1. So, for the chain, what is the accessible surface per residue at a probe of 1.4 Å, expressed in square angstrom?
2. Can you pull the percent of the chain's accessible area that's carbon plus sulfur, 1.4 Å probe, other chains left in place?
3. Given 4 °C and 1.567 mPa s, compute D for the range 1-84 with the Stokes-Einstein relation, Rh being the Kirkwood radius over Cα pairs; round to the nearest whole µm²/s.
4. Go through the range 81-88 residue by residue and turn each phi into a ³J(HN,Hα) via Karplus (6.51, -1.76, 1.60, θ = phi - 60°); whole Hz please, and just put x for glycine and proline.
5. Any chance you could run the full-extension gain for Ser129 through Ser114? It's 0.36 nm times the residue separation minus the Cα-Cα distance, nm to one decimal.
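The values are calculated or read from the model by the stated rules, or taken from the named source; none is laboratory data. Because the structure is predicted, anything quoted here is derived from the model rather than measured. Accessible surface is based on the protein model in full, side chains and every heavy atom, while ligands, DNA and RNA are left aside. Shrake-Rupley method; radii C 1.70, N 1.55, O 1.52, S 1.80 Å.
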Amino acid sequence: QVRLVESGGGSVQAGGSLRLSCAASKYAYYSRSWTCMGWFRQAPGQEREGVVTIARRSGNTYYADSVKGRFTISLDDARNTVYLQMNSLKPEDTAMYYCAASLVVGDGTCPLLSARYNNWGQGTQVTVSS
């Protein structure tokens, strides 16, 4: 049962923008307990990498260096929905983008480590052409 549902992927030229959305599905019975939500991506032949995460209580965000200044995460906590605004897209941003969420136990931060998240969406493809 899919607990997160992504939308908003597509194909754009370099320099363009896309906005991804991720909402908790009806099967996300414990979604209110999630402390961290975020976005990961995986290009063909590569490992899944963290893009950005957000802590629900503090609102603190954690960006990968490769997307700082270009991508922005935001959260509509009441709707259990997280967004990813992607600007100045580059061909190297091409990947399948996955939404993730979890109750992350620790120091209150939200790591960019996929192993720390146990709720995932099915992914949405982002393709950036040069």
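1. 52
2. 46
3. Translational D for this selection: 93 µm²/s.
4. Once θ is set to phi - 60°, the couplings for the range 81-88 become 10, 10, 10, 10, 8, 10, 10, 6 Hz.
5. 2.7 nm
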